[in-house]
Amino acid sequence: MKFALVNPAWDFRGSIYFGCQEPHYPLELLFAFDQIKAAGHEAFLIDAHSDGLDLTNVKQTLTDINPDFLVIPTAPSYLFWRCPPPELRVPQQWFRELNCGAVKVAIGPHGSATPRATLRKLDCDVVLRGEPDEILPKLATEDWSSLQGCCWQSGSEEHINPSSAVTDMRNLKALRFENYSVENHWHRHHVFSGGDGRGAELEFARGCPWACSFCNKTLFRNKYRERDVDEVVQEVDRLIARGVSYIYFIDEIFGVGRNVHRLLQQLAERTITIGLQTRIDLWNEESLDLLGRAHCISMECGIESITEEGRDGLNKGCRITTERLSELLIHARSRIPWVQANLILTEHDQRQDIRAWQEHLKARGVWVSDPVPMYPFPGTPDYLKMFGPPDDYAWERAHQYYLGTFRDKGYSDIQEAQPASLEELECTS
């Protein structure tokens, strides 16, 4: 069987999407590629976003391949499955235009939360809930009703599986990148402190042991799991050999597991710089020193609220004071060129207190975001509290709430001033 794995050329015009718009490694497709090959099938990876391909280019390639399965994600890279563009405009268009007779399979956060609505909007055959790495090759040989997270339609009948697939991270061996144009990828994600060279993204661990109310990871990438350190180091070495000088780890929460220090010790011995996202309360002065020795140049920390009441309201589970958080951020900045603290708009924090805290840290080199409004992604604890379990209208409901609530208060400073409604976006061809 032949699988065509297509990362579309993403377009975010009119979207509330606040993730990075540059191309990133489609790790979900790279891991699936290896699993498909290991199962004895043929896999073809097409990254239209990174390689600058349009629908005409990809359609011709698919004509040549004649695949049995066409797989398209609904969000750009695992890195942004937790904050995806709510609209399905791009995968709608790509499934429609690439209708080559193959079984059309959608993966991503939308189908994980609202599989029935995703099947209908995309007019696809299969939606996989959760993590698709190990499930995709089984579509070719196993009864779909036996597959974790597999939802499909046959005629007018829809088969919705209530489960979500969870990948065994021990089975994700080192990516070889022989199927990927590493040399075309120059973006250095979340680097603002100068420097140059080729960038890449990797994954050491997946999931998070906390349950912050705003975090969109409950229905996929939820349980914390680590990959084998040696497999990750092999990937690092292969990328270094291809000219990569900077690697961003897409982990939800880098620094949790017991093996992260061994990984950092290995990275310290290599000619590579790294970036990551984490919680500063996972670190102390000694471990931050190790992070500096591992050539970390970009560290993004979710602080969310400057008050203990605010952090408790977000279910952060933070056990240290704001003063101690500040001390650790300042120490991190003494070792790492770019340290960023992110804040969320909450009712517990006063504007004047936020401004004073920002000025205190910025004077010591730590960049602090303005508090951003959070989108209630379907399936998050915040969404469940406000609206209950997500139904087929969940994305529209969340979108209307966000636009109505923050239109006057202001959106994120990296979003368009007047984002469009979901209905407008998904009707755009």
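The values are calculated or read from the model by the stated rules, or taken from the named source; none is laboratory data. Since the model is a prediction, treat every value here as computed from it, not as a measurement. Neighbour counts run over all protein chains shown; Cβ positions are idealised from the backbone, glycine included. In case anyone asks, the SASA skips ligands and DNA or RNA and just uses the protein heavy atoms, side chains included. Shrake-Rupley method; radii C 1.70, N 1.55, O 1.52, S 1.80 Å.
Has the range 318-326 got at least one residue that is part of a loop (DSSP other than H, G, I, E, B) and of a type in the set (Lys, Arg)?
yes
Here is a list: Arg270, Arg238. Which entry is open to solvent by 20 Å² or more (accessible area, probe 1.4 Å), outside any strand (DSSP E or B), farther than 18 Å from Lys173 by Cα and not hydroxyl-bearing (Ser, Thr, Tyr)?
Unique residue meeting the criteria: Arg270.
Would it be correct to say that Ile135 is among the aliphatic types (A, V, I, L, M) and surrounded by fewer than 16 Cβ atoms within 10 Å (Cβ to Cβ)?
Considered against the rule, which asks whether it is among the aliphatic types (A, V, I, L, M) and surrounded by fewer than 16 Cβ atoms within 10 Å (Cβ to Cβ), Ile135 comes out as no.
Restricting attention to the range 328-340, does a residue exist that is in a strand (DSSP E or B) and open to solvent by 10 Å² or more (accessible area, probe 1.4 Å)?
Yes, the range 328-340 contains a residue that is in a strand (DSSP E or B) and open to solvent by 10 Å² or more (accessible area, probe 1.4 Å).
If a residue must be within 19 Å of Met1 (Cα to Cα) and open to solvent by 10 Å² or more (accessible area, probe 1.4 Å), how many such residues does the range 120-132 contain? Spell out how you get there, then give the answer.
Our first condition is that a residue be within 19 Å of Met1 (Cα to Cα); within the range 120-132, this holds for 124-128, 132.
Checking which are open to solvent by 10 Å² or more (accessible area, probe 1.4 Å) leaves us with 125.
So the answer is 1.
Taking the stated definitions as given, is Ser77 crowded, with 17+ Cβ neighbours inside 10 Å and in contact with a strand residue (DSSP E or B) (Cβ under 9 Å, 6 or more places away or on another chain)?
Taking the combined requirement at face value, the residue satisfies it.
What tally of residues in the range 97-119 results from selecting those that are assigned to a helix (DSSP H, G or I) and either crowded, with 24+ Cβ neighbours inside 10 Å or free of Cβ contacts under 8 Å to residues at least 40 places away in the same chain (or both)? Working first, answer last.
The first filter runs over the range 97-119 and keeps only residues assigned to a helix (DSSP H, G or I), leaving 97, 109-113, 115-119.
Keeping just the survivors that are either crowded, with 24+ Cβ neighbours inside 10 Å or free of Cβ contacts under 8 Å to residues at least 40 places away in the same chain (or both) gives 109-113, 115, 118-119.
Number satisfying all stated conditions: 8.
Name the residues in the range 346-360 that are buried (at least 17 other Cβ atoms within 10 Å of the Cβ) and either in a loop (DSSP other than H, G, I, E, B) or touching a Leu at 6+ places or on another chain (Cβ under 6 Å) (or both), would you? Give the steps one after another, and end with the answer.
The initial filter retains those residues of the range 346-360 that are buried (at least 17 other Cβ atoms within 10 Å of the Cβ), namely 346, 349, 354, 357-358.
Matches in the range 346-360: Thr346, Asp349.
Taking only pairs six or more apart or across chains, which ones have beta-carbon atoms under 8 Å, a first residue in the range 345-360 that is under 25 Å from His331 (Cα atoms) and of a type in the set (Asp, Glu), and a second residue that is outside any loop (DSSP other than H, G, I, E, B) and open to solvent by less than 60 Å² (accessible area, probe 1.4 Å)?
Asp349/Gly310; Asp349/Leu343
Answer yes or no as to whether Met386 is touching a strand residue (DSSP E or B) at 6+ places or on another chain (Cβ under 6 Å), of a type in the set (A, V, I, L, M, F, W, C) and more than 25 Å from Asn284 (Cα to Cα).
Working: touching a strand residue (DSSP E or B) at 6+ places or on another chain (Cβ under 6 Å): no; of a type in the set (A, V, I, L, M, F, W, C): yes; more than 25 Å from Asn284 (Cα to Cα): yes.
No: the conditions fail for Met386.
Are any residues in the range 369-379 in contact (Cβ under 8 Å) with a residue 60 or more places away in the chain and within 25 Å of Phe192 (Cα to Cα), and if so, which ones?
Answer for the range 369-379, where residues must be in contact (Cβ under 8 Å) with a residue 60 or more places away in the chain and within 25 Å of Phe192 (Cα to Cα): Val372, Met374.
May I ask you to verify whether Ser245 is among the hydroxyl-bearing types (Ser, Thr, Tyr) and under 24 Å from Leu343 (Cβ atoms)?
Considered against the rule, which asks whether it is among the hydroxyl-bearing types (Ser, Thr, Tyr) and under 24 Å from Leu343 (Cβ atoms), Ser245 comes out as no.
Mind checking which residues of the range 37-63 are among the aliphatic types (A, V, I, L, M), buried (at least 18 other Cβ atoms within 10 Å of the Cβ), closer than 28 Å to Glu142 by Cα and over 22 Å from the mean Cα position of the chain (by Cα)?
Selection gives Ala43, Leu62.
Just the residues that are assigned to a loop (DSSP other than H, G, I, E, B) and surrounded by fewer than 17 Cβ atoms within 10 Å (Cβ to Cβ), please, taken from the range 150-164.
Gly155, Ser156, Ile160, Pro162, Ser163
Report, by residue number, each residue of the range 165-224 that is within 20 Å of Glu131 (Cβ to Cβ), surrounded by fewer than 17 Cβ atoms within 10 Å (Cβ to Cβ) and free of Cβ contacts under 8 Å to residues at least 60 places away in the same chain.
Asp168, Arg170, Pro209, Lys223
Sort through Leu267, Leu282, Leu290, Leu263 and tell me the only one that's farther than 17 Å from Arg188 by Cβ and touching a His at 6+ places or on another chain (Cβ under 8 Å).
Matching residue, one of Leu267, Leu282, Leu290, Leu263: Leu290.
Could you tell me whether Arg89 is closer than 26 Å to Tyr401 by Cβ and touching a Leu at 6+ places or on another chain (Cβ under 9 Å)?
Yes, satisfied.
Being modelled with pLDDT under 95 and either crowded, with 24+ Cβ neighbours inside 10 Å or among the aromatic types (Phe, Trp, Tyr) (or both) is the filter here, so list the residues in the range 1-15 that pass it.
Phe12, the sole residue that qualifies.
Please enumerate the residues belonging to the range 83-96 that are hydrophobic (A, V, I, L, M, F, W, C), open to solvent by less than 10 Å² (accessible area, probe 1.4 Å) and not in a helix (DSSP H, G or I).
Leu88
Can you tell me which of (1) closer than 30 Å to Asp382 by Cα; (2) open to solvent by 30 Å² or more (accessible area, probe 1.4 Å) is the one Asn66 doesn't meet?
Evaluating Asn66 over (1) closer than 30 Å to Asp382 by Cα; (2) open to solvent by 30 Å² or more (accessible area, probe 1.4 Å) leaves (1) as the failure.
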